[in-house]
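Chemist: The structure that follows is given in the form of structure tokens.
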Amino acid sequence: MAARPAGGRLTMATSWHRGGFAAPATQSGSGSSKLVWVAQVFYFVFLMMVFIGQQPFASRTQEELVAMAEANDGSDLFKQALFIGFALLLTAVQVMRKEPLKYRFTFWPLAIMLVWFFITCTWGVAPFVSFKRAMQQLIVIYITFCALSLIGPERLFNALRAALIVSLVICWVSLPLTPAAVHPPTESDKALIGAWRGFFFHKNIAGAVMALCFIVCGNSWIDRRKWYYALFALMAFVFVIGTKSKTSLALCVGMLAISNIYRALSDNTQKRAILLLMLGFGMVGFLGLYIAYQPTIERLFADPTSFTGRVSIWQVPLDYLADHPYLGAGFGGFWQVGANSPAFDYLNQQFQMLTAHSHDGYLEIWVTTGPLGLALLLISFLVLPAYWFLTGSTKENQTLMVPAFAIWVFVMYQNLLETSFFDKDRQVWVIFLAAVATAHATFKAKPRPIWSRRHLNQAETVNG
């Protein structure tokens, strides 16, 4: 009702209404300049260097793998120069650019989490090692989001898909050309013998990357109906089978199916909410099954030849947390940080001397950065992305949001049995970062209603 002043005359009232839709200003510009193309090439090369590594096809024993994990503390001068070089190159392109940014960083929970990680380095048994590992994470994250701000989510995801396909082709070509593309009979872990690994150093890494390649190419074929995407998806799926990676094989088909359900629900927020709740219940159900069938599961998983003895490995950080419940061991400071590694005081089986991580990404962050680190992880990579995927998907952006959703779900589930969150410069972690960055930028670019105020005339005021 409009207010009636003392003179008895009606004043003009106002009302808020939606007057159209607006996309963020960060999406302006055609993105066709040479600098944008150069930035995309830089990011693609960075991805290929991460995927291939410095010693592709090298023959390694389990002991050598653990030694490499311990040595991967950020002290590698070549890798330092490489990553800092990419960061500086992208920064130079950023300075020289003439077009508006395609993305402005507003993912502050991730930045807060990194700050906390650096703080935890101060009380670790090897603070300098923890600090160097945290710096490595900072540079990798900076490269991802700097590239995103220059080239936008579509070009970023195109570079990721191209790197996955090139890696797939190299892995297939390597099988008949070098015996190093398959785990040799000399492996101390007999479960690895005969498993395909391509140029990757371990079959589980190869399985996860090829599973993500299958998901990305499968979704690209569904969206674009190009025959070669179907061929690449089939090649990736067969390679996952060859790796004998149980976790990746179980997840890849399910994630492709779930992503297509998500695609079908791109215009229905309520049904997407049900899908996300079901996925969340699935993760909770995994923990519930463990509690309900703990003796059976422990007998199966504790065997070092079955699922890498995960339950007995999980017990090591859990025992540490029982004694140190609040702060954790410091970022990257629990396993393989020298003779004083906190894990060594809690080992319960001999084979765990060769263990480099907790085989559970959530548990790894919890034991190294404490409950606060775990809470920040869940907010940054579970709660917020769930909101983006719930409210940010449309028919127009589904070619980006659907595969990003599939990668997100894959990695969230995979970290129940593997460790990829903040895992140095590992392939799955870098792919996950690219997917999360793509989803956030696409969510921010979704057109949103413009609310404006208009004056109501006298008749509308009286009737309203």
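The values are calculated or read from the model by the stated rules, or taken from the named source; none is laboratory data. Because the structure is predicted, anything quoted here is derived from the model rather than measured. Note that we place each Cβ from the backbone using ideal geometry, even for glycine, and neighbour counts take in every protein chain shown. Heads up: the accessible areas ignore ligands, DNA and RNA and are worked out on the full protein's heavy atoms, side chains in. Shrake-Rupley method; radii C 1.70, N 1.55, O 1.52, S 1.80 Å.
Chemist: Take the residues in segment 99-120 that are of a type outside the set (A, V, I, L, M, F, W, C) and either part of a helix (DSSP H, G or I) or open to solvent by 70 Å² or more (accessible area, probe 1.4 Å) (or both); name whichever of them is farthest from Val140 (Cα to Cα).
Modeler: Thr120
Chemist: Let me ask something additional. Could you list, in sequence order, the residues of segment 234-253 that are free of Cβ contacts under 8 Å to residues at least 40 places away in the same chain and open to solvent by less than 30 Å² (accessible area, probe 1.4 Å)?
Modeler: Val240
Chemist: Exactly one of (1) surrounded by 22 or more Cβ atoms within 10 Å (Cβ to Cβ); (2) part of a helix (DSSP H, G or I) is unmet by Val169. Its number?
Modeler: Every condition holds for Val169 apart from (1).
Chemist: If you check Ala206, Ala273, which single one turns out to be over 16 Å from Ala406 (Cβ atoms), in a helix (DSSP H, G or I), touching a Lys or Arg at 6+ places or on another chain (Cβ under 6 Å) and among the aliphatic types (A, V, I, L, M)?
Modeler: On inspection, the qualifying residue turns out to be Ala206.
Chemist: Which residue pairs have Cβ atoms under 6 Å apart, sit 6 or more places apart or on different chains, and have a first residue in segment 408-426 that is open to solvent by 10 Å² or more (accessible area, probe 1.4 Å) and a second that is outside any helix (DSSP H, G or I) and hydroxyl-bearing (Ser, Thr, Tyr)?
Modeler: Within 6 Å, the pairs are Thr419/Ser358.
Chemist: When segment 121-130 is examined, which residues are found to be over 18 Å from Trp366 (Cβ atoms) and outside any helix (DSSP H, G or I)?
Modeler: Of everything in segment 121-130, just one residue is over 18 Å from Trp366 (Cβ atoms) and outside any helix (DSSP H, G or I), namely Ala126.
Chemist: Does segment 187-203 contain at least one residue that is out of contact with any Asp or Glu (no Cβ under 6 Å at 6 or more places or on another chain), polar (S, T, N, Q) and either under 30 Å from Leu89 (Cβ atoms) or assigned to a loop (DSSP other than H, G, I, E, B) (or both)?
Modeler: Yes, segment 187-203 contains a residue that is out of contact with any Asp or Glu (no Cβ under 6 Å at 6 or more places or on another chain), polar (S, T, N, Q) and either under 30 Å from Leu89 (Cβ atoms) or assigned to a loop (DSSP other than H, G, I, E, B) (or both).
Chemist: Please verify whether Phe334 is open to solvent by less than 10 Å² (accessible area, probe 1.4 Å), among the hydrophobic types (A, V, I, L, M, F, W, C) and outside any loop (DSSP other than H, G, I, E, B), treating the condition exactly as stated.
Modeler: So Phe334 fails the test.
Chemist: Tell me, which residue of segment 201-233 that is without any contact (Cβ under 8 Å) to a residue 60 or more places away in the chain and within 20 Å of Val430 (Cβ to Cβ) is surrounded by the most Cβ atoms within 10 Å (Cβ to Cβ)?
Modeler: Checking each candidate, the answer is Met210.
Chemist: Oh, and also: From (1) more than 27 Å from Cys213 (Cβ to Cβ); (2) aliphatic (A, V, I, L, M); (3) open to solvent by less than 60 Å² (accessible area, probe 1.4 Å); (4) modelled with pLDDT of 75 or more, pick out the condition that doesn't hold for Ala67.
Modeler: (4)
Chemist: Something else about it: Within segment 384-407, work out how many residues are open to solvent by 10 Å² or more (accessible area, probe 1.4 Å) and either farther than 20 Å from Thr106 by Cβ or outside any helix (DSSP H, G or I) (or both).
Modeler: The qualifying residues number 6.
Chemist: Suppose we keep only residues that are of a type in the set (Phe, Trp, Tyr) and part of a helix (DSSP H, G or I) within segment 408-432. Which one would you say is nearest to Phe117 (Cα to Cα)?
Modeler: Checking each candidate, the answer is Trp429.
Chemist: Shifting gears a bit: Is it the case that Gly370 is in a helix (DSSP H, G or I) and either open to solvent by 20 Å² or more (accessible area, probe 1.4 Å) or at positive phi (or both)?
Modeler: Here the answer is yes, as Gly370 does meet what is asked.
Chemist: Right, another one. If a residue must be at pLDDT 80 or above and crowded, with 19+ Cβ neighbours inside 10 Å, how many such residues does segment 260-273 contain?
Modeler: 2
Chemist: Here is a further query. Can you pull out the residues in segment 121-134 that are surrounded by fewer than 18 Cβ atoms within 10 Å (Cβ to Cβ) and in contact (Cβ under 8 Å) with a residue 40 or more places away in the chain?
Modeler: The answer is Thr122, Trp123, Val125, Pro127.
Chemist: Would you say Ala386 is within 21 Å of the chain's Cα centre (by Cα) and not polar (S, T, N, Q)?
Modeler: yes
Chemist: On to the next question. In segment 356-403, which residues are among the aliphatic types (A, V, I, L, M) and farther than 30 Å from Phe344 by Cα?
Modeler: Passing the criteria: Ile379, Leu382, Val383, Leu384, Ala386, Leu390, Leu400, Met401, Val402.
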